[in-house]
Every structure is written in C-alpha cells, then in structure tokens.
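Take a look at the structure set out below.
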Amino acid sequence: MNMYPELVKRGIDFPGSKRCGDCHIDIYKEWADSMHAKSYVNEEFRVASNDYGYPFCMRCHVPESILTESNELMARDHNLEDGVDCQGCHLTSDCLLSGPHSGIGPHPLEENQPFYKDSRLCGTCHIDTYEEYLRYVDVDQKQTCQDCHMPAVRRKLIQDEPWQKIHRRKEGKAHTFSVLSAIENTEDFIELTFAEINKNNNHITGILEIVNTSVNHSIPTGSYGYREVLLLINLKDNLGRTIKSKHVSMFMELNTQLKPGEKKIYSFVFDLDDKSAELKELEAILFRTNFKRTNKILLAEIEFCIE
Ligand code: HEC
Ligand code: HEC
Ligand code: HEC
Ligand code: HEC
Ligand code: HEC
C-alpha cells in the first residue's frame, strides 16, 4: 500500500520524521530524546564541524540512508535538524520502508530484514566501536549493539487511533539508543576491587583493580567528541566527608580506555597529615563524563571499610 507517498520520498518532499511519529508514536518519542535526533543540532557538533563547514562530517550526522546500493553513505540536504532520522535507518534505495517484522502498513514495506538484528547496522557509522566489538566479541557472547542499547519491548508498532486496534503486539525494540539504557541493561559490567590495603600512622596504601567484564567494546568508546571515564578514589572520615581524593582519567586518544576483559591496576597512597581525622572508608567511583564535567553518568562504585 502507498497511501502516503510522501513518506517514502527523498528530498524536500519528505515531511520529516515527525510525520512518522503520527502513527509510530512511542518510537518517535524515544528517538526524539536520543542523541541520534540531535546529531546535527548538537552544539558540540556545530562547533567541531566549523559551523557545518566540513561536508565530510554530514554523511553520518545527517545521512540520506544507510541502505545504499554502493555502500557509500551520502549526506542529505533537507530536514537537517532531524540528524540521524527515521529514513536514515529505514528507507531503501527502492523507496520501501525496511524492517525486521512482517506487517501490513499504509506505506510500502520491505519485511523480515535480518540486517536490523545485526550489529553491522550500527557499525555503518560507529565504525571504530564496531571494529572493537568484532575483535572482542566471543562466539557464545552473542549480544548485539541492539540488545544492549535498544531495550526489548513487546508492543504494537503504531499507537494512532483507530488503526492501532487492528494490529497485534510484536517483539520490538525501544529506540532509545542510549548509554543509560545500556547501563540498565547490562548487569555488573564493571568490577571494582580494593586489594592489599595497608594502613600505618603516616599513610594508607592500596590497589584498585578494574575490569570491564561484559561490555564488548572499550569504555569509553568512539572516535569523536569528548569522551572521558573518570575514576575517583576517595578517603572518607566517620562523618562521611571526603578528606582526600585521587583522580584518574581514561581516554581512547591516550589508549587508557578499559578494553573488554582487561584488568587495570591502580596503586594509590594517601598521606595522613591530619592525624586527628577519624578514618572510616575508602570509596571508588567510576563516571563517564563530558568536557565540563557537568554531566556525570555513574558506571560503578564500591566502598571499603578501614578499621
Ligand atoms: C547513520 C549513522 C548512524 C547509525 C546507523 C547509528 N548511529 Fe549511533 N550515533 C550516530 C551519531 C552521528 C551519533 C552522535 C550524536 C551526537 O552525539 O551528536 C550517535 C550516537 C549514538 C549513541 C550516543 C552516545 C552518547 O554519547 O550518548 C549511542 C548509544 C548510539 N549512537 C548507538 C547506536 C546503535 C545501538 C546503533 C544501531 C542500532 C546506532 N547507534 C546506529 C550515528 C549513527
Ligand atoms: C499513517 C500511519 C503511518 C505512518 C505515518 C508511518 N507508518 Fe510505518 N507503519 C505503519 C503501520 C500500520 C505499520 C505495520 C504495523 C504492523 O503490521 O504491526 C508500519 C510498519 C513500519 C515498519 C515496520 C517494518 C517491519 O518489517 O518491521 C517500519 C520500519 C516503519 N513502519 C517505518 C516508518 C517510517 C520510517 C515512517 C516515516 C517515514 C513511517 N513508518 C510512517 C503506519 C505508519
Ligand atoms: C540508528 C538507526 C535507526 C533509526 C534512526 C530509527 N530506527 Fe527504527 N529500527 C532500527 C532497528 C535496528 C530496528 C530493529 C530492532 C529489532 O527489532 O531488533 C528498528 C525497528 C523499527 C520498527 C519495527 C518495530 C520494532 O520495534 O522492531 C519500526 C516501526 C521502526 N523501527 C520505526 C522507526 C521510526 C518511526 C523511526 C524514527 C522516529 C526510526 N525507526 C528510527 C533502527 C533505527
Ligand atoms: C553487553 C552490552 C553492550 C553491547 C553489546 C554494546 N554496548 Fe555500547 N555501551 C554499553 C554500556 C554499558 C555503555 C556505557 C559505558 C560507556 O560509557 O562506555 C556503552 C556505551 C556506548 C556508547 C557511548 C560512548 C561511551 O563510551 O560512553 C556508544 C556510542 C556505544 N556504546 C555504541 C555501541 C555499539 C555501536 C555497539 C555494537 C557494535 C555496542 N555499543 C555494543 C553496553 C553495550
Ligand atoms: C563514519 C561516521 C562519522 C563521520 C564521518 C563523522 N562522525 Fe561525528 N560521530 C559519529 C558517531 C558514531 C558519533 C558517536 C560517538 C562516537 O562513536 O565517537 C559521533 C559523535 C560526534 C561528536 C560528539 C558529540 C557529543 O555529543 O559528544 C562530535 C563533536 C562529532 N561527532 C563531530 C564530527 C565532526 C566534526 C566530523 C567531521 C570532521 C564528524 N563528526 C564526522 C560518526 C561520524
């Protein structure tokens, strides 16, 4: 069926992803909150691309569609503020809307496409992360990018009335594409352990071990933007106040990221110059953070009592 030909048109005749949201209401809302919807308007991108001055950057940040015949990504020149939009992942070169299910829709469908369940789809743009993933993923560990970053949901694909009544629920995926949903979806993915803690009158020494146990790309990952993982080791007194603190930063650029399965070992020494403070515990906290450290996402934490 092709009741709304504009949905599968390229160029300025396409009314934009908001139109897809008239029927796919839930999916649209999730996508609109994701970084994909902001990949063009994002202030960091505007600045880094020299006010959109580098055409090379646009193919991933405002793609026409990843489903090209030549396998070359092309940038689009309309609806730029939609960033990585619905058509960008769903419009085929034959102007069908492609997806993992079978269904009957008011627009032309290309059904049952296994590509949507495959990490390769994400790898079209997340090239370096996908390469890491291929390098580290082991055979029985078959989780895909979608498994962790697009939480499973059982629901109808559309929510608009009255049409939603004639459709059944399906096993679908929330379009959150987010770090937070991956953190919620991935249990205990970082292991923190304090070892060899020693205390004397003058200092406390010890070792902190960190393992990325189950994310099969490095933490942080990606080759663009400012991505830092910040480790804090805090020494606290019996009132819960931090009296001493150590910071360690991890970056892709410096090859200090937490690679899958790798164990990192940090030794630390706290000099005890204020002898009157009553020590209570050591604490280690791992955040993913941005340049100004205004947005801290908690990745893992652990405490250790000092007698
Ligand atoms: C057409 C290119 C493209 C495809 C395909 C793509 N992404 Fe992205 N993705 C981007 C861009 C560009 C950004 C950066 C947006 C920004 O921060 O402005 C991004 C950002 C993200 C982020 C947010 C990272 C952060 O710092 O918060 C996650 C998570 C993500 N993508 C996951 C996925 C997953 C999972 C898939 C596959 C289902 C996927 N992406 C497919 C281009 C793409
Ligand atoms: C007028 C309502 C309507 C609009 C607007 C609409 N869709 Fe759909 N779409 C449907 C219906 C109905 C289905 C089938 C639902 C089912 O069978 O469960 C569907 C199915 C799909 C599927 C699933 C295909 C599969 O095999 O898994 C995709 C992908 C899709 N639409 C993408 C889009 C995109 C992208 C847009 C915007 C360009 C869009 N739709 C706009 C109603 C709509
Ligand atoms: C970055 C790529 C990407 C973008 C952008 C994207 N989708 Fe999807 N979409 C996917 C993937 C991957 C799946 C398959 C998930 C699965 O079921 O394994 C999917 C599945 C779907 C389905 C089938 C239902 C489901 O949950 O599996 C519909 C309908 C759909 N998308 C509509 C949209 C609409 C509407 C937009 C824009 C608001 C959109 N998509 C944006 C990647 C994308
Ligand atoms: C086993 C679950 C899992 C799988 C599989 C997975 N991720 Fe992640 N991903 C995470 C977790 C947890 C985080 C948050 C930790 C972090 O910030 O690196 C994350 C973070 C990210 C980020 C944000 C950048 C960053 O380092 O903060 C991007 C982008 C991303 N993943 C893309 C992908 C892509 C693309 C794939 C597939 C090639 C993928 N992920 C596979 C769990 C997973
Ligand atoms: C091959 C696809 C691709 C190309 C080309 C590309 N990017 Fe990106 N960009 C991404 C992806 C994917 C992300 C998400 C984070 C990551 O993986 O590094 C991203 C994220 C970013 C971010 C981080 C935004 C944030 O919110 O943290 C900035 C800034 C950025 N890109 C700038 C650029 C600039 C400038 C260019 C051109 C010189 C460019 N990108 C070209 C795929 C691409």
| remark: Here the residues within segment 132-163 that are more than 12 Å from ligand 3 (Cβ to nearest atom), under 23 Å from G21 (Cα atoms) and assigned to a helix (DSSP H, G or I) are W163
| field | Every residue from segment 215-251 that is open to solvent by less than 60 Å² (accessible area, probe 1.4 Å), in a loop (DSSP other than H, G, I, E, B) and without any contact (Cβ under 8 Å) to a residue 40 or more places away in the chain | value | F251
| Which of the following residues is buried (at least 18 other Cβ atoms within 10 Å of the Cβ) and either modelled with pLDDT of 95 or more or over 25 Å from the mean Cα position of the chain (by Cα) (or both): P106, P114, P63? | P63
| said: Let me confirm something: among E69, E44, E30, which residue is in a helix (DSSP H, G or I), assigned by TED's automatic domain parsing to the domain that holds T176 and modelled with pLDDT under 95? | reply: E44
| request: Would you please name the residue that is modelled with the lowest pLDDT, looking only at residues in segment 269-307 that are more than 30 Å from N42 (Cβ to Cβ), of a type in the set (D, E, K, R) and buried (at least 17 other Cβ atoms within 10 Å of the Cβ)? | output: K280
| Could you give every pair whose Cβ atoms fall below 9 Å, whose first residue belongs to segment 158-180 and is assigned by TED's automatic domain parsing to the domain that holds C148, and whose second residue is loosely packed, with under 11 Cβ neighbours inside 10 Å, counting only separations of at least 6 or pairs across chains? | I166/I104; H167/I104; R169/R154; K170/R154; E171/R154; G172/R154
| message | Considering only residues that are under 21 Å from P151 (Cα atoms), away from ligand 5 (no atom under 16 Å from the Cβ) and open to solvent by 80 Å² or more (accessible area, probe 1.4 Å), which ones fall in segment 4-60? | response | K29
| task | For segment 15-24, indicate whether the set of residues that are assigned by TED's automatic domain parsing to the domain that holds R155 and farther than 20 Å from T176 by Cα is non-empty. | result | yes
| query | Which ones in segment 252-268 are of a type in the set (S, T, N, Q) and open to solvent by less than 60 Å² (accessible area, probe 1.4 Å)? | reply | T256, Q257
| message | Among the residues in segment 97-116, are any under 17 Å from T221 (Cα atoms), part of a loop (DSSP other than H, G, I, E, B) and within 16 Å of ligand 1 (Cβ to nearest atom)? | response | no
| query | Being outside any helix (DSSP H, G or I) and more than 20 Å from the chain's Cα centre (by Cα), is that true of even one residue in segment 118-131? | reply | no
| Of the residues that make up segment 206-214, is at least one outside any loop (DSSP other than H, G, I, E, B), surrounded by 15 or more Cβ atoms within 10 Å (Cβ to Cβ) and in contact with a helix residue (DSSP H, G or I) (Cβ under 7 Å, 6 or more places away or on another chain)? | no
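The values are calculated or read from the model by the stated rules, or taken from the named source; none is laboratory data. The model shown is predicted, which means the values in this text are computed figures rather than measured ones. Note: ideal-geometry Cβ built from the backbone for every residue, glycine included; neighbour counts use all protein chains shown. Accessible surface is based on the protein model in full, side chains and every heavy atom, while ligands, DNA and RNA are left aside. Shrake-Rupley method; radii C 1.70, N 1.55, O 1.52, S 1.80 Å.
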